[in-house]
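Asks: Okay, here's the structure, questions in a sec.
The values are calculated or read from the model by the stated rules, or taken from the named source; none is laboratory data. Note that the coordinates shown come from a computational prediction; the quantities given were computed from them, not determined experimentally. Note that we place each Cβ from the backbone using ideal geometry, even for glycine, and neighbour counts take in every protein chain shown.
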Amino acid sequence: MAFTDILIIGAATVVGAVLSQLIFKKLNFIDVKRTQEKAEALLEESKKEAAQIQEEAVEKAKNIEENTVDMLDQMKTLIDTIEQNVKFKEETMEKKEVKNTNLRGTILDLQGDIDKSQEMQSKLDEMIKEKLAVRCGQTIENLKDSLINEYRADLSEQEAAHIKKKIDYAIENSEKIAKNILKSSIQKYTDTSSVEKKDAKIVVQHDDAKARVVGRNAENIILFEELLDVDVIFNDEPNTILVSTFDLLRKNVARIAMEKLVKMRHIGEREIKQAIQESKKIIEQDLVEVGKKAVKKMGFKRQFDPELIKIIGRLKYRTSYGQNILLHSFEVASMAELLAGELGLDPEKTKIAAFFHDIGKAVDQHIEGSHDVLTREIMTKFGFPADEIHAAWTHHEAETPETAEARIVMAADAISAGRPGARQESIDRYIERLRALEEIATSYTGVNKTFAISAGRELRVLVTPEEVSDASMKVMAGEIAKEIESKLSYPGKIKINIIRRTKAVDFAK
């Protein structure tokens with residue numbers, strides 16, 4: 001490269017650098033100017049905004065000052081009003097105080113006049129008493145005593161007459177009131193009466209089943225009857241086997257066992273004993289279920305011991321004159337609850353006593369003692385209250401009933417046992433009871449003839465007029481009734497009707 005070219009390139013480079021510096025400075029000058037202009041514009045705008053804010057602040061301060069003045073005026077007006085009210089009330093109170101002071105003075109004056117009048121009245125009373133005593137010839141004390149005694153006698157006579165009137169009304173209407181209460185309670189209760197049959201029927205499909213049950217030389221049926229103490233009847237109805245006994249528990253054990261046996265192809269001693277054992281377990285389970293259902297049905301509010309539940313279940317397998325005792329207990333409890341409600345007594349307490357009144361019959365076939373005494377022992381064992389025990393076990397009056405609940409249980413028991421169709425008894429026992437009734441009455445002196453009528457519900461006694469007077473008839477009726485109660489067992493009640501007839505004959509000639 002030539003030197004000239006180098007010089008040219010160098011010169012061009014220098015010129016380019018100078019021009020670059022000039023252009024850069026020019027551009028910087030332009031940016032600074034623009035920035036200054038923007039700053040001046042912003043400053044001007046800020047001044048305007050500050051002036052506007054200042055004007056608004058002055059305006060707001062002016063408004064606040066005006067509002068404050070208005071509020072001060074209002075507060076001053078309110079304070080003036082309150083002060084005027086207080087002043088008015090103070091003036092009113094002063095006037096009332098003056099009025100009260102005047103009234104006190106008037107009252108004191110009147111009280112003084114009253115005291116003077118009472119004093120004068122007392123003096124007049126004393127003068128009258130003295131003059132009256134002088135005229136009667138007695139002292140004042142004696143005169144007071146005589147007047148008090150006279151008034152007391154009059155009051156006693158009036159009180160006696162009032163009491164007699166009440167007693168007469170009660171006697172006159174008691175039977176009507178009692179009948180209305182019983183009628184109302186009986187109409188509210190509806191249920192079927194259960195008269196248990198002594199036979200249980202087992203249906204068999206083929207006669208060869210009967211032959212298997214009987215066994216060779218009747219050894220099977222003899223063993224069956226001995227183990228359960230029942231009677232088995234084969235030829236009473238076609239395709240049936242009847243199990244007969246008065247013990248419902250044994251009857252149902254025998255029925256279940258026989259139903260198992262007729263389904264077996266081979267029957268021997270082992271099968272018979274096994275069937276009986278299984279049947280007893282089924283009945284034991286049923287006792288618990290029946291007891292639980294009975295408690296649930298009655299809706300008792302308390303819990304009972306499981307052993308007592310089982311005893312309740314046994315009532316299902318117990319009868320009295322053919323009437324199922326569990327259903328009888330349901331009926332008596334429901335009736336007693338209704339009667340207690342009518343009379344304003346405690347329905348729950350009465351219902352419990354009524355339901356358990358025959359619980360002793362669940363065990364009386366296995367334990368010595370009358371069922372009412374056993375009822376007392378069972379209820380005592382399981383912690384029943386004394387008043388419930390008394391109301392339950394005295395329904396046959398082994399002890400005199402002392403509470404209204406006990407009387408209600410007696411009435412409900414009589415209603416359940418005595419209504420038509422509720423109970424049955426054998427012809428032999430019925431005739432024996434009628435004969436016993438007549439014999440008891442005939443044993444009394446002066447009795448001529450006796451007749452047990454109305455199915456043994458009435459005993460009609462004819463007496464000799466010369467030996468039995470009118471006054472002694474009532475005594476005789478009571479004695480006969482007590483002897484019947486102590487010697488005989490019977491449902492319901494028996495009416496003792498003594499008849500004494502006299503006749504006078506003469507002729508006019």
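Asks: Can you spot a residue in the stretch 454-470 that is touching a Leu at 6+ places or on another chain (Cβ under 7 Å), small (Gly, Ala, Ser) and without any contact (Cβ under 8 Å) to a residue 60 or more places away in the chain?
Replies: Scanning the stretch 454-470 turns up at least one residue that is touching a Leu at 6+ places or on another chain (Cβ under 7 Å), small (Gly, Ala, Ser) and without any contact (Cβ under 8 Å) to a residue 60 or more places away in the chain.
Asks: Only one of 314, 302 is outside any helix (DSSP H, G or I), surrounded by fewer than 24 Cβ atoms within 10 Å (Cβ to Cβ) and among the basic types (Lys, Arg); which?
Replies: When all the criteria are applied, what remains is 302.
Asks: Follow-up question, since we're still on this one. When the stretch 332-351 is examined, which residues are found to be hydroxyl-bearing (Ser, Thr, Tyr) and in contact (Cβ under 8 Å) with a residue 60 or more places away in the chain?
Replies: 334
Asks: Quick check on the stretch 232-248: of everything there that is under 22 Å from residue 314 (Cα atoms) and surrounded by fewer than 17 Cβ atoms within 10 Å (Cβ to Cβ), which residue is nearest to the chain's Cα centre (by Cα)?
Replies: 246
Asks: Restricting to the stretch 256-282, name every residue that is buried (at least 17 other Cβ atoms within 10 Å of the Cβ) and among the β-branched types (Val, Ile, Thr).
Replies: Of everything in the stretch 256-282, those that are buried (at least 17 other Cβ atoms within 10 Å of the Cβ) and among the β-branched types (Val, Ile, Thr) turn out to be 256, 262, 267, 272, 276.
Asks: If you take the residues of the stretch 199-231 that are buried (at least 16 other Cβ atoms within 10 Å of the Cβ) and basic (Lys, Arg), which of them is modelled with the lowest pLDDT?
Replies: So the residue we want is 210.
Asks: Given the residues 178, 161, 133, which is the only one that is part of a helix (DSSP H, G or I) and at pLDDT below 65?
Replies: So the residue among 178, 161, 133 that is part of a helix (DSSP H, G or I) and at pLDDT below 65 is 178.
Asks: Answer yes if at least one residue in the stretch 182-193 is surrounded by 15 or more Cβ atoms within 10 Å (Cβ to Cβ), farther than 30 Å from residue 271 by Cα, modelled with pLDDT under 75 and more than 24 Å from the chain's Cα centre (by Cα), and no otherwise.
Replies: yes
Results for (1) crowded, with 21+ Cβ neighbours inside 10 Å; (2) in a helix (DSSP H, G or I), shown as yes or no for each residue.
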position: 326; (1), (2): yes, yes
position: 331; (1), (2): yes, yes
position: 336; (1), (2): yes, yes
position: 340; (1), (2): yes, yes
position: 351; (1), (2): yes, yes
position: 354; (1), (2): yes, yes
position: 357; (1), (2): yes, no
position: 360; (1), (2): yes, yes
position: 365; (1), (2): no, no
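Asks: Looking at (1) under 29 Å from residue 227 (Cβ atoms); (2) touching a residue at least 60 places away in the same chain (Cβ under 8 Å); (3) part of a helix (DSSP H, G or I), which is the only condition residue 277 fails?
Replies: Condition not satisfied by residue 277: (2).
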